[in-house]
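Novice: Pasting a structure below so you can have a look.
The values are calculated or read from the model by the stated rules, or taken from the named source; none is laboratory data. On a predicted model such as this, the values are computed, not experimentally measured, just so you know. Every residue, glycine as well, gets a Cβ built from its backbone with ideal geometry; the counts of neighbours run over all protein chains shown.
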């Protein structure tokens, strides 16, 4: 069992810390929002008054915040506070690779190790330990953290620092464009009078199946847009992929279309809804 510092107790952070506490770890949490910290105490997270306090009693320090800038601020704050020698910082956020490499160097300079370990699966998967975890970093650090990371899901070491974030870009390109495809599929089913609620089960054995079809399509059918993740976070990730592909002069027309639609959705004031609400951009149709 490990002493774990955990920075960021939002939707994903809540899932992570519930799992870690449930596995018997001692978790010391910190969040800028006091209410989140109070809620986390309800499932056994020990409250810290500062970043430094959360890290000082831990051998592993997880960072789970929304933006690349926030990741940078948190990690550089930990470096400035001192005490990272012999500790590993694990970034489970989706972060720009340039920032990832910069903060990894800063952590190394402070005597610690850095692992970029973005995840896929959402808060529910975090809570039950079924995430996909894509890790980048030095082999020794990754292997030392493996016992804890594997309690959170399937962890694959993809290569040196930045490889985890690069793999997450691939994941997001595949996953987030599929939100849009599922929305179009739903409108097609409705137009021809098909009971759309039966689509996921009907297609499950075939090549049209996907995790998005099984998890997100039913929310679209039910018009359930309560956030398991926020549309603004999806847009942030699509913007990251867009910037990364532009740097390599890659043509990704499907991703560009998904990016445009999520920009429209957020621009319409729907940033706090679940990504499943992308279907609301497509007019409902009458049965013919």
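Novice: Within the stretch 131-156, can you find the residues that are part of a loop (DSSP other than H, G, I, E, B) and surrounded by fewer than 14 Cβ atoms within 10 Å (Cβ to Cβ)?
Specialist: Passing the criteria: only 150.
Novice: Between 52, 85, which is assigned by TED's automatic domain parsing to the domain that holds residue 106, out of contact with any helix residue (DSSP H, G or I) (no Cβ under 7 Å at 6 or more places or on another chain) and surrounded by fewer than 19 Cβ atoms within 10 Å (Cβ to Cβ)?
Specialist: Working: 52 fails: out of contact with any helix residue (DSSP H, G or I) (no Cβ under 7 Å at 6 or more places or on another chain).
Every option except 85 fails the conditions.
Novice: For the list (1) surrounded by fewer than 14 Cβ atoms within 10 Å (Cβ to Cβ); (2) without any contact (Cβ under 8 Å) to a residue 24 or more places away in the chain; (3) under 22 Å from the mean Cα position of the chain (by Cα), I need the number of the one condition that residue 239 fails.
Specialist: (1)
Novice: Moving on to the next point. If we scan the stretch 12-34, do we find a residue that is under 25 Å from residue 243 (Cβ atoms) and out of contact with any strand residue (DSSP E or B) (no Cβ under 7 Å at 6 or more places or on another chain)?
Specialist: So far as the stretch 12-34 goes, yes, one or more of its residues are under 25 Å from residue 243 (Cβ atoms) and out of contact with any strand residue (DSSP E or B) (no Cβ under 7 Å at 6 or more places or on another chain).
Novice: Part of a helix (DSSP H, G or I) and within 23 Å of the chain's Cα centre (by Cα) - does that describe any residue in the stretch 224-232?
Specialist: yes
Novice: Within the stretch 11-51, how many residues turn out to be under 24 Å from residue 153 (Cβ atoms) and modelled with pLDDT of 95 or more? Outline the logic, then answer.
Specialist: First pass over the stretch 11-51, keeping only residues under 24 Å from residue 153 (Cβ atoms): 11-31, 36, 39-40, 42-46.
This time we only want the ones that are modelled with pLDDT of 95 or more, so: 12-31, 36, 39-40, 42-46.
Qualifying residue count, the stretch 11-51: 28.
This table checks each residue for (1) at positive phi; (2) at pLDDT below 95; (3) outside any helix (DSSP H, G or I).
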{"site": "53", "(1), (2), (3)": "no, yes, no"}
{"site": "58", "(1), (2), (3)": "no, yes, yes"}
{"site": "61", "(1), (2), (3)": "no, no, yes"}
{"site": "70", "(1), (2), (3)": "no, no, no"}
{"site": "76", "(1), (2), (3)": "no, no, no"}
{"site": "86", "(1), (2), (3)": "yes, yes, yes"}
{"site": "89", "(1), (2), (3)": "no, no, yes"}
{"site": "104", "(1), (2), (3)": "no, no, no"}
{"site": "107", "(1), (2), (3)": "no, no, no"}
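Novice: Pull out all pairs, ordered by first then second residue, where Cβ-Cβ is under 8 Å, the residues are six or more apart or on different chains, the first lies in the stretch 264-288 and is farther than 15 Å from residue 219 by Cα, and the second is modelled with pLDDT under 95 and buried (at least 19 other Cβ atoms within 10 Å of the Cβ).
Specialist: Short answer, once both residue conditions are applied: 271/230; 272/230.
Novice: In addition: Within the stretch 245-260, take every residue that is crowded, with 19+ Cβ neighbours inside 10 Å and in contact (Cβ under 8 Å) with a residue 60 or more places away in the chain and give me the one that is farthest from residue 170 (Cα to Cα). Reasoning before the result, please.
Specialist: Step one: of the stretch 245-260, the residues crowded, with 19+ Cβ neighbours inside 10 Å are 255, 258-259.
Going one step further and asking which of them are in contact (Cβ under 8 Å) with a residue 60 or more places away in the chain, we end up with 255, 258.
Working: 255: 11, 258: 14 Å.
Selected residue: 258.
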